[in-house]
Amino acid sequence: MTEKIDTQGMSLPSNNKNWKIQPHKPLLIEPRRLHTPEMVKELKILMNEVLDEREYKKQLAGAYDNVKPLPPSYFDTKNFKHRVDEEEPPYQDWSQ
């Protein structure tokens, strides 16, 4: 038993001279990310809180007169408790 590939119908018709080959567009690749958009948002908040806390500690150690205390952390979940029928309390950004 010999194996062969049936190539019938793979070539262009020889009787039609108006046949044009269409150029292919490059394949569009959508990158996949390791983190979900929600995880990215939380990571950004975490990084900014760490940097803001470091700046706050510098201000406390320095010669600043009125240093405002930092609001509750986004990750301190006890400050964001709410009932099912209520909206989650808003997060106050730490930027100073």
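Just tell me which aspartates and glutamates come within less than 14 Å, Cα to Cα, of Lys57; anything on the same chain fewer than 8 places away is out.
Result set, ordered by chain and number: Glu49, Asp65.
What number, rounded to the nearest 500 deg cm²/dmol, is the helix-based mean residue ellipticity at 222 nm of the chain, given -39500 (n - 2.57) per DSSP H run of at least four residues and division by all its residues?
For the chain, the value works out to -9000 deg cm²/dmol.
In the chain, if every C-alpha pair distance is counted and binned at 10 Å from zero, what percent goes to each bin?
Pair shares across the bins are 11, 21, 17, 12, 8, 8, 12, 9, 3, 0.
Rank-order 84-94, 20-30 by packing density, defined as the average count of other C-beta atoms within 10 Å over each peptide's residues, highest first.
The packing order, highest mean first, is 84-94, 20-30.
Charges only on Cβ, +1 for Lys and Arg, -1 for Asp and Glu: so what's the dipole of the chain about the Cα centre, in debye to the nearest 20?
That gives a dipole near 680 debye.
Comparing Asn48, Asn79, Asn18, which has the greatest mean-square fluctuation in the GNM of the chain with Cα pairs linked when under 10 Å apart?
Comparing Asn48, Asn79, Asn18 in a Gaussian network model of the chain, the most mobile one is Asn18.
Expected output is a single nm value to one decimal: the length gained when fully extending between His82 and Ile5, i.e. 0.36 nm times separation in residues minus the C-alpha distance. What is it?
Value of the extension gain: 21.0 nm.
Taking +1 at the Cβ of each Lys and Arg and -1 at the Cβ of each Asp and Glu, which of Gly62, Ile45, Trp94 sits farthest along the dipole of the chain towards its positive end, judged by Cα position relative to the Cα centre?
Working it through, the farthest residue towards the positive pole turns out to be Ile45.
On C-alpha positions alone, give me the angle between the axis of helix 37-61 and the longest principal axis of the chain, in degrees, nearest 10.
On a 0 to 90 degree scale, this one is about 30.
May I ask you to list the lysines whose Cα is less than 17 Å away from that of Lys58, ignoring any residue fewer than eight positions away on the same chain?
Partners within reach: Lys68.
Every read-out reported here was derived from the displayed coordinates using simple, explicitly stated rules and does not represent laboratory data. All values derive from a computational prediction rather than experimental measurement. Methodologically, a virtual Cβ is constructed for each residue, glycine included, from the backbone with ideal geometry; neighbour enumeration extends over all protein chains shown.
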